[in-house]
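Contents: one structure, followed by commentary.
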Amino acid sequence: MTNASDAPAAPILPDVLSLPRKAQPVEGRVNLVGLTRAELAEALRAAGTPDKQVRMRVGQIWQWVYHWGVRDFAAMTNLGKDYRDLLARTFVIALPEIVQKQVSADGTRKYLLRIAGGHEVETVYIPEENRGTLCISSQVGCTLTCSFCHTGTQKLVRNLTAGEIVGQVMLARDDLKDWPEPGVPKDETRLVSNVVLMGMGEPLYNFDAVRDAMGIVMDGEGIALGRRRITLSTSGVVPEIARCATEIGCQLAISFHATTDAVRDLLVPINKRWNIETLLNTLRDYPRLSNSERITFEYVMLKGVNDTDDDARRLVKLIRGIPAKINLIPFNEWPGSPYERSDWDRIEGFADIIYKAGYASPIRTPRGEDIMAACGQLKSASERERRVRKVPAGEEGPAAG
């Protein structure tokens, strides 16, 4: 018979009523990933950390998790053993699960990730000559139904938490072995050097979680990507654009794609609520409010829809006075799409008109087409496969490549 004194000590859990909603215990322990510094301090205090130690402990744990990429509390060697044991009983450092990874012939990596509830989202890593860009998602599905976007065919399921957003960055760094190594001379080279919120969902419809996640990504004692290395792409949620400037301060990209309200109403239906004139009037203040150099206008090239010389001239006229560059995006075709990619000479002719008007007009090189890199395609394929096999979401084992 075991004496009560010999039984394992019960986990010391924080007072859950004192924790922010996103930090509620899962399977008895609280996930630290995604908590702001203030929320982490609150969670440590609730777990029994003395007030006079909280600030120091936040800094120590923050660096282990976000600078070194450590997931095991036992490895946090500047913390006492008893305190590490307390952390291990009370908290977890958990990321989304990689269900599938595909690597393109051009080096693009696409991850299908499973999050709480068995839902799936996508993250794409695009290596380039002098940088590596990680495209992350902010929602499961989307509400905006943009007619050229594959994610627009998927209903919104829910917003991602801050932890699920920053977790995408951490997972990519894991896969790329992009964390610094203790004892190795400091190397400023980053494989994940830029982050773009251009994946599934409308970031400004999940503002608080996106703001908190980007605050963690930009924090100088952690992942430490500068705000100019982070770009948020919005379809034009006008009321949140000023908040983005002052509360996040990252670079802004506008999913623009048309030069008349009639065409933009079709391609980007949010235009029916905030039309081109309203959107542009709001954008004129963004560079000043955010201290950013310019706004990026994203323009997907759709054959016979928005790719005429007249469209190019109207575009130049519309953005006059806004520090800007125009990214021309050859349409990444997907099965069932009602659109085709503009011919290459048409795209180049469009770019030439914009360039001669004084704006940078880079043509984005199509990437990862052999691995369905258009946003939402891998998730849809996974759902189709499950339907055929009659496997419920969340009950399928990992198949990471």
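The values are calculated or read from the model by the stated rules, or taken from the named source; none is laboratory data. Source: prediction; values computed, not measured. Neighbour counts run over all protein chains shown; Cβ positions are idealised from the backbone, glycine included.
Between Gln168, Gln100, which is among the polar types (S, T, N, Q) and part of a helix (DSSP H, G or I)?
After applying the criteria, what remains is Gln168.
Those residues that are among the hydrophobic types (A, V, I, L, M, F, W, C) and either in contact with a Gly (Cβ under 7 Å, 6 or more places away or on another chain) or not assigned by TED's automatic domain parsing to the domain that holds Leu40 (or both), I need them from region 59-69; list them, please.
Listed by number, the list holds a single entry, Trp62.
Just a yes or no: is a residue in region 259-278 closer than 25 Å to Ser193 by Cβ and in the same structural domain as Ile326 (by TED's automatic domain parsing)?
Looking for residues that are closer than 25 Å to Ser193 by Cβ and in the same structural domain as Ile326 (by TED's automatic domain parsing), one finds none in region 259-278, hence no.
Is it the case that region 179-192 has a residue that's over 14 Å from the mean Cα position of the chain (by Cα), among the small types (Gly, Ala, Ser) and modelled with pLDDT under 95?
Scanning region 179-192, I find at least one residue that is over 14 Å from the mean Cα position of the chain (by Cα), among the small types (Gly, Ala, Ser) and modelled with pLDDT under 95, so the answer is yes.
Can you find, within region 187-242, the residue that is surrounded by the fewest Cβ atoms within 10 Å (Cβ to Cβ) among those that are among the small types (Gly, Ala, Ser) and without any contact (Cβ under 8 Å) to a residue 40 or more places away in the chain?
Checking each candidate, the answer is Gly220.
Assess whether Gly376 counts as being of a type in the set (Gly, Ala, Ser) and at pLDDT 50 or above.
Taking the combined requirement at face value, the residue does not satisfy it.
Test Ile254 against the criterion of being under 19 Å from Arg364 (Cα atoms), in the same structural domain as Val210 (by TED's automatic domain parsing) and crowded, with 19+ Cβ neighbours inside 10 Å, and give yes or no.
Against the criterion (under 19 Å from Arg364 (Cα atoms), in the same structural domain as Val210 (by TED's automatic domain parsing) and crowded, with 19+ Cβ neighbours inside 10 Å), Ile254 qualifies.
If you check Asp106, Asp51, Asp82, Asp72, which single one turns out to be over 26 Å from Arg211 (Cβ atoms) and in the same structural domain as Thr234 (by TED's automatic domain parsing)?
Asp106
Being small (Gly, Ala, Ser) and within 27 Å of Leu191 (Cα to Cα) is the filter here; which residues of region 216-251 pass it?
Hits for region 216-251 are Gly220, Gly222, Ala224, Gly226, Ser233, Ala245, Gly249.
Considering every residue within region 258-272, establish whether at least one is part of a loop (DSSP other than H, G, I, E, B) and free of Cβ contacts under 8 Å to residues at least 12 places away in the same chain.
Within region 258-272 (the criterion being part of a loop (DSSP other than H, G, I, E, B) and free of Cβ contacts under 8 Å to residues at least 12 places away in the same chain), the answer is no, since none of the residues qualifies.
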